[in-house]
Amino acid sequence: MIKKLGFLALAVCLLLTFLSPGQVAAQSQLKILDSSVEADFPSRLTFDLSAQSGVDISDVRLRYTIDRIRFAQVTSEIKVPFVPATTVNTSWVWDMRLTGGLPPGSRVSYQWTVTDSSGNRVETSLSRVQFDDNRYDWQSLTQDLITIYWYNGNDAFARELMTASQEALVRLKASTGATLSQPVKLYIYGNTQDLQGSMIFPQEWTGGVAFTRYGIIAIGINPGNLDWGKGAIAHELTHLVVHQMTLNPYGEIPTWLDEGLSTNIEGSSPFQYNAYVTRAVAKNNLISVRSLASPFSAFPDLSYLSYAESYSIVGFLISQYGQDKMLQLLNTFRQGSTYDGALKTVYGFDVDGLNDQWRDHVNALYGVTVSDVVGTNSWVFILVGVAFIAILFLIVWQVRTRKARRGGTGG
Ligand SMILES: [Zn+2]
């Protein structure tokens, strides 16, 4: 519960009283008695206000702004309902189940304006509430721009995660030149269930989320699953850095680039990603680079293949053309370039050109082998085998029948 008295509002009110003596009686009596906000994470913020005047209070408004990176100031104004009276106690509930949620640790600035029937008006000073997930007892650890918040696991667990975060930034810089420029808050939930419990509309596969415009990451990491957790941190941190670097009012970067960078910085074994791409090459069902610019399919097989291909495409660009070009590509996207335009500016080919080059590359790497064909087209082999046995059986049967006939005529 955060409480804030309307001292400034009162001061403003008294100043106005001094400047315009004609309205002394009414103005000196309109005042805000109390203003507070209560957080009930993740579903609601309740803003309370009590105000008093010598005449009926006629209008109460709440204005609020969410603190996040934006290109235009967006302030919401709520006309709060109440019964007009000289003393008013009212509140407004921001129900996140209707609007969508906010990440843990996000901040909201707010301000009340109260008007009475004589036309007098008071305003509270701008206040700020931090929407913390106060259902847990968070501890924190800060190094440079990263702060880790956690509640499950000991200090060594948090230090390991911090080391993994810093190492991920080093890997990211080495392969792309991208660096973190704004502070990051990393909320480590004790497990996936706790993480999903912190979200209004969680997807059942959500294991980690980067709220890139807030500089906040939330991940569920069980201390017994540390290796997975380190990879997940590296993945989400990369999303955050890349979005900080490329954010512009005109467009997003293609999904294959976003997820391809994150999967490359995860630091886990590429075996699974490569296996997916190898299988798709053998079956000739690779998804085109152009299709991978859009959000990925929700069907698990297509989704895994999309991540695997993105891993491969970004790996190809970095290994063939180097870190400098990748940094140039991110900077070009920050200018608001189109997908084709950015690739053409930096590499000299467009999305289809990249698709051709990358396909040649993976075809050469994972080209069709006999075992792939047997694996993928095994039903053909079974049919051929059955037909072969059937023909063999017919031949043997005919030969035996002829022999029997000849034996019959001779005997
Ligand atoms: Zn991702």
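The values are calculated or read from the model by the stated rules, or taken from the named source; none is laboratory data. These numbers were taken from a predicted model, which means no experiment stands behind them. Cβ sites come from the backbone with ideal geometry, for glycine too, and all protein chains shown count toward neighbours.
The residues of segment 187-217 that are at pLDDT below 95, of a type in the set (Val, Ile, Thr) and within 13 Å of the ligand (Cβ to nearest atom), listed by number, are Thr206, Val209, Thr212. For Glu252, the stated conditions hold: it is over 21 Å from Glu204 (Cα atoms) and acidic (Asp, Glu). Annotation note: Cβ proximity below 9 Å between a residue of segment 320-333 that is modelled with pLDDT under 95 and a residue that is assigned to a helix (DSSP H, G or I) (sequence gap 6+ or interchain) occurs for no pair.
Looking across Leu145, Leu126, one residue alone is aliphatic (A, V, I, L, M), without any contact (Cβ under 8 Å) to a residue 40 or more places away in the chain and under 21 Å from Arg213 (Cα atoms). It is Leu145.
Could you tell me how many of the residues in segment 232-248 are outside any helix (DSSP H, G or I) and either within 11 Å of the ligand (Cβ to nearest atom) or within 14 Å of Lys185 (Cβ to Cβ) (or both)?
Residues in segment 232-248 being outside any helix (DSSP H, G or I) and either within 11 Å of the ligand (Cβ to nearest atom) or within 14 Å of Lys185 (Cβ to Cβ) (or both): 0 in total.
Just one of the listed residues (Thr179, Thr142) is assigned to a loop (DSSP other than H, G, I, E, B), surrounded by fewer than 16 Cβ atoms within 10 Å (Cβ to Cβ) and outside the structural domain of Ser262 (by TED's automatic domain parsing), and it is Thr179.
Among the residues in segment 280-288, are any crowded, with 16+ Cβ neighbours inside 10 Å and within 13 Å of the ligand (Cβ to nearest atom)? The answer is no; no qualifying residue exists. Among residues of segment 230-249 that are within 10 Å of Ser262 (Cα to Cα), those with a beta-carbon under 8 Å from a residue that is among the β-branched types (Val, Ile, Thr) and within 10 Å of the ligand (Cβ to nearest atom) at least six positions away or on a different chain give the pairs His235/Thr263; Glu236/Val209.
Is segment 220-229 home to any residue that is within 19 Å of Glu160 (Cβ to Cβ) and within 12 Å of the ligand (Cβ to nearest atom)?
no
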